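Enquirer: Sharing a structure here in structure tokens format.
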Amino acid sequence: MAAMATKERYYFQHIGDLRERLLEHLSTEDLRGLHQIQPWRHFLIAGRHLALFLLCAWTLYVVTNPWIWVPVAALQGINILGFIILLHEQVHTLIFKRKHPLLQRLLGLAYALPSAISASQFDIWHNDHHRELGSTVTDPKRAHLSPKRNARWYKLLYCTPALFVIYAIAAKKEAATYPPELRRRIRNERLANIAIHLSFAAALGFHDAGALLRVYLVPFLAFFPPAFMLNRLGQHYDINPKDNAAWSTLVTGNPLTRFLFLHSNHHIEHHYYPAVPFYRLPELNRRLRPFFRASNIPNRTYPELIYGWFVKNRTPHTDWDLA
């Protein structure tokens, strides 16, 4: 893992007094409770999510009325994103209280399958993102995945199947810095996932071309990309570069938002305390609201972010209030 040494740990070098500022609003007892891992809660949410995913798949298979199946396909696109959020919990080892390497590995591969990404690369990519937050060069998300053209037509590409090409190019650029053995593992995981996807699509299409369209092609190609992009809008695009407390976007959201995005709307809270499980992020948000007010960090909604991104054509990783 020598390639990892080239990273700067930019975020930790520029964190300043942020931890002290946060501790003015959180006690040691608060933090201890917020960091408690309860495996049953993870699997309750994961089980609910899997059940919803399978219910949507069954509905898309049997229902041909577009007034029904199109909205269900949109929901299924969000469900595919949800497995990446579950993978995110696995990456941060927030599922079990004790180490279970094999089970963790299997869960990572399972959670990565619906979106066909490499679990190993997501692990490295995301942890580097945490360590390098704020850097335009060493944060892989910002360096390779964020749009480099502030044009509406280019931003819209991220909401289409072109996202898969954009993501593949970004992943390839970052993976070029990895050791050969790791690159092979990533390539094998990605090829295995693609093979499973193509096999499923071929079997479904051979049986019923209409079912292939409804069950697989439309949810995965038409609705997953905009769900992915919407989730990203609530992460680091509207920020205050001058205040490390505001290097992420505050999206308190509502019960529906938290249900659909599995609490991943609480991204700023997650970067403050990455070891807090996702089911405790709403409570962390409530406890930090005085801090957000004192720090003048605006609470955004997703419609507000969409308007700023596409209509006002704001630049990513900037303060949209100053644009």
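What follows draws every value from the coordinates through simple rules; no lab data is involved. Note that this is a predicted model, so its numbers are computed, not measured. No Cβ is skipped: glycine too gets one built from the backbone with ideal geometry, and neighbour counts run over all protein chains shown.
Enquirer: According to the Cα gyration tensor, what semi-axes, each the square root of 5 times an eigenvalue, does the equivalent ellipsoid of segment 216-323 have, listed from largest to smallest in whole Å?
Expert: Those come to 23, 19, 11 Å.
Enquirer: Taking a point 7 angstrom from the Cα of HIS197 along the C-beta vector, which residues in segment 140-168 have backbone N less than 16 Å away?
Expert: 158-168, by backbone N distance to the label point.
Enquirer: Given LEU221, PHE261, VAL276, which one lies farthest toward the positive end of the charge dipole of segment 198-310, if we put +1 on the Cβ of every Lys and Arg and -1 on the Cβ of every Asp and Glu?
Expert: Of LEU221, PHE261, VAL276, it is VAL276.
Enquirer: Right, something else. Amide H to amide H, which residues 5 or more places from THR318 or on other chains are under 5 Å from it, using H placed in the peptide plane?
Expert: Here the answer is ILE239, since their amide H atoms fall under 5 Å of that of THR318.
Enquirer: Can you tell me the length gained on complete extension of the stretch LEU256 to SER295, counting 0.36 nm per residue apart and subtracting the Cα distance?
Expert: Working: separation 39, 0.36 × 39 = 14.04 nm, distance 2.68 nm.
Residue separation times 0.36 nm, minus the Cα-Cα distance, leaves 11.4 nm.
Enquirer: Based on the Cα gyration tensor of segment 2-311, what are the three equivalent ellipsoid semi-axes, each the root of five times an eigenvalue, rounded to whole Å and given largest first? It would help to have the intermediate numbers written out before the result.
Expert: Working: eigenvalues 196, 100, 88 Å².
The answer is 31, 22, 21 Å, longest axis first.
Enquirer: Looking at the calculated P(r) for segment 119-215, what percent of the C-alpha pair distances fall above 24 Å?
Expert: 39
Enquirer: So if we plug the beta-carbon distance of GLN38 and TRP67 into 1/(1 + (r/R0)^6) with R0 = 45 Å, what FRET efficiency do we get, rounded to 0.05? Each step should come with its number before you reach the end.
Expert: Numbers: r = 40 Å, r/R0 = 0.89.
Using R0 = 45 Å, I get an efficiency of 0.65.
Enquirer: Let me ask something else. Distance from the Cα centre of segment 18-90 to that of segment 159-206, in angstrom?
Expert: Rounded to whole Å, the Cα centres lie 23 Å apart.
Enquirer: Below 8 Å, C-alpha to C-alpha, sequence gap of six or more: please give me the relative contact order for the chain in percent.
Expert: So the answer I get is 25 percent.
Enquirer: Could you point to the residue in ILE297, TYR11, SER118 farthest towards the positive end of the chain's charge dipole, with +1 and -1 charges on the Cβ of Lys/Arg and Asp/Glu respectively?
Expert: Going by the charge dipole, the pick is SER118.
Enquirer: While we're here: Listing HIS236, HIS130 from the residue with the fewest other Cβ atoms within 10 Å to the one with the most, what is the order?
Expert: With the sparsest Cβ surroundings first, the list reads HIS130, HIS236.
Enquirer: If you don't mind, there's one more thing I want to ask. Based on DSSP H runs of at least 4 residues, each adding -39500 (n - 2.57), what is the mean residue ellipticity at 222 nm of the chain after dividing by all its residues, to the nearest 500 deg cm²/dmol?
Expert: -17500 deg cm²/dmol
Enquirer: Report P(r) for segment 140-272: all Cα-Cα distances, bin width 10 Å, range 0 to the bin holding the largest distance, values in whole percent.
Expert: 10, 28, 36, 21, 4, 0
Enquirer: Next question. So for segment 164-310, averaging the separation of alpha carbon pairs under 8 Å that are six or more residues apart and normalising by length, what relative contact order in percent results?
Expert: On the way: 101 pairs, mean separation 25.8, N = 147.
Relative contact order of segment 164-310: 18 percent.
Enquirer: Let me ask another. Mind checking the dipole of segment 2-311: about its Cα centre, +1 per Lys or Arg Cβ, -1 per Asp or Glu Cβ, Debye to the nearest 20? If you can, show how the numbers build up before the last one.
Expert: Numbers: 35 positive and 20 negative charges, 58 e Å.
I would put it at about 280 debye.
Enquirer: Another question about this same structure. Using mean Cβ contacts within 10 Å as the protection proxy, how do 147-155, 263-271 order, highest first?
Expert: The packing order, highest mean first, is 263-271, 147-155.
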